[in-house]
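See structure below.
The values are calculated or read from the model by the stated rules, or taken from the named source; none is laboratory data. No experiment lies behind these values; they were computed from the predicted model shown. Please note: Cβ atoms are built from the backbone with ideal geometry, for glycine as well, and neighbour counts cover all protein chains shown.
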Amino acid sequence: MSAVVADRPVTVPDFATAKAQGRKLAVITAYDFALARIYDQAGVDALLIGDSLGMVVQGNENCLSVTLEDAIYHTRCVARAARRSLLIGDMPFMTYLVSPEDAVRNAGRLVQQGGAHAVKLEGGERTASAIRAIVDAEIPVLAHVGLTPQSVRRIGGFRVQRDADKILADALAVQKAGAFAVVVECVPADLAARLTKELTIPTIGIGAGAGCDGQVLVGHDLLGLFDGVRPRFVKRYAELGKMVAEAVENYCGDVREGKFPGPEHEFK
Ligand code: KIV
């Protein structure tokens, strides 16, 4: 187990310590109480209430329709379950680029109403002023560069990002703006490893190879609970979707065959 700190809740400064000590950070997305409790007890370092909820929970084709209210609601559900993980609330599309003031107000709602310890927002140089304003309001920020899913309409799809100069400039800009760590999504592994060496803040990779300071995956993807968009880089650690289908088929069979005992029966 690569826990940053044993037996106490993980904090933002623990991320810097982890990088300094060469300890890898394990992050997973969560959206509800039941799974968040299991992830937390299994020893993840941080729970990200990602706007991927638009796809894996709400069934949309992308994350653009997720609202701040949705994000606050799911962050609150996860917050009730977390005992030791750092809680990071994702800022939805259109909640941080209108103006830095708007970004601070919305980040503040994720903290005050959702229970987030930190927020995440996408973009590099273009979001530096929002990051700076949020950090100045004492809210820690996890940045996100490389493939930024909220830009899907401009980019035209979920593609590997290869513009090394731009990605490096973005990563340096978010570091300078005060982000405590940065998600690096869907960039070639050698570039992500280079970023990891050049930055003083930890890099959390997703589809960016093993050279990052930590990894993040969508919980539903790694558990085999979601079959919509399935990125090539996702390792499946379980096939829960198949197990759930089998369990429910068995349940339906029992119901139809009248196999239900009374209260004196104890299931083993
Ligand atoms: O929304 C999300 O789940 C994310 C992670 C995949 C990094 O942004």
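Annotations for the structure displayed:
- In region 41-62, the residues that are more than 13 Å from the ligand (Cβ to nearest atom) and buried (at least 20 other Cβ atoms within 10 Å of the Cβ): Val44, Asp45
- Criterion violated by Val78 - all others in (1) within 11 Å of the ligand (Cβ to nearest atom); (2) surrounded by 24 or more Cβ atoms within 10 Å (Cβ to Cβ); (3) free of Cβ contacts under 8 Å to residues at least 60 places away in the same chain satisfied: (1)
- Applying the criterion of at least 1 residues that are away from the ligand (no atom under 16 Å from the Cβ), more than 21 Å from the chain's Cα centre (by Cα) and within 30 Å of Ala137 (Cβ to Cβ) to the helices (runs of 4 or more DSSP H) found wholly in region 164-268 leaves 164-177, 189-198.
- When restricted to residues that are among the aromatic types (Phe, Trp, Tyr) and more than 18 Å from Arg126 (Cα to Cα), region 144-202 contains 1.
- The numbered conditions (1) modelled with pLDDT under 95; (2) within 13 Å of the ligand (Cβ to nearest atom) are all true for Gly89 except (1).
- Test: residue in region 16-26 that is buried (at least 16 other Cβ atoms within 10 Å of the Cβ), within 14 Å of the ligand (Cβ to nearest atom) and either free of Cβ contacts under 8 Å to residues at least 12 places away in the same chain or not acidic (Asp, Glu) (or both): yes
- Candidates Pro9, Pro92, Pro100: the one that is touching an Asp or Glu at 6+ places or on another chain (Cβ under 6 Å) and not aliphatic (A, V, I, L, M) is Pro92.
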